[in-house]
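A short write-up of the structure that comes next.
The values are calculated or read from the model by the stated rules, or taken from the named source; none is laboratory data. A quick note: this is a predicted structure, and the numbers were derived from the prediction, not measured. When we count neighbours, we look across all protein chains shown, and the Cβ atoms used for this are built from the backbone with ideal geometry, even at glycine.
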Amino acid sequence: MPGRLFLTTPITEVAERLGVSAGHLPGQPPRRNIQPGQEVVALTPNGLTRMRWGMIPVGRVNARGRPVMETIINARSETVFDKTAFQGVGRAVVPVDGWYEWTGEKRRKTAWRITSRDGGLLLFAAITDTWLAPGGQRVDQLATVTCEPNGDVAAIHHRMGVLLRVEDLQTWLNGAEKEASALARPWPDGLLNVEEAGDVDWSAP
């Protein structure tokens, strides 16, 4: 939807593939188990940075004027530009090598690894916000945007993250809402590889 992410490609190579500078971002060890609440690399209109995956919606309200209480990990593309809770958000892109989903009953779940069939990066559309935490700490945060699954993913999950082509990044980051919304569609069938992920140490970072 995605549930967890992984990024093993070096940051300098990520920047090169995206046609931007790595800037101040230091290198990082391969990350094979990125969980909600942890930092991810994100491309914003100002370049590459790190942001918390999961938006704490302090001060945001729903259409009934009630506070939004839950941390937002994923936002539905069908309503992300319409919901009161998402007014004024920014946009970003999360580059990853792939993500994980699970199927099956509790305690008997099967983990699945989803990657690009050509071995390239996958670029998730995201929305962003800033949380002013107690003590004045500023936390830049994001939520990935989801849509209906394509044929590759449908057998393991009813949603998938919105994936972007490199040539569409600037439209998502800087385009009008109508232009960005048009990109929020399932990835074409046949471009993703789905395989069991029984080799992952889920206790490792």
Taking the stated definitions as given, is VAL89 in contact (Cβ under 8 Å) with a residue 12 or more places away in the chain and either within 14 Å of the chain's Cα centre (by Cα) or under 15 Å from MET1 (Cα atoms) (or both)? no
If I filter the range 184-203 for residues that are part of a loop (DSSP other than H, G, I, E, B), closer than 25 Å to ALA92 by Cα, touching a residue at least 24 places away in the same chain (Cβ under 8 Å) and in contact with a Phe, Trp or Tyr (Cβ under 6 Å, 6 or more places away or on another chain), do I get at least one hit? no
Quick one: ALA85 ticks every box in (1) at pLDDT 80 or above; (2) farther than 22 Å from PRO188 by Cβ bar one, so which box is it? (1)
Sort out which residues of the range 44-76 are closer than 23 Å to ARG113 by Cβ and either in contact with a Ser or Thr (Cβ under 6 Å, 6 or more places away or on another chain) or at pLDDT 95 or above (or both), and write them in order of number. TRP53, GLY54, ASN74
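To keep it simple, each residue is scored yes or no on (1) part of a strand (DSSP E or B); (2) within 27 Å of GLU195 (Cβ to Cβ); (3) of a type in the set (Ser, Thr, Tyr); (4) touching a His at 6+ places or on another chain (Cβ under 6 Å).
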| residue | (1), (2), (3), (4) |
| --- | --- |
| THR79 | no, no, yes, no |
| ARG107 | no, yes, no, no |
| ARG113 | yes, yes, no, no |
| ILE127 | yes, no, no, no |
| GLY135 | no, no, no, no |
| VAL139 | yes, no, no, no |
Of all residues in the range 14-38, how many are surrounded by 17 or more Cβ atoms within 10 Å (Cβ to Cβ) and among the charged types (D, E, K, R)? 2
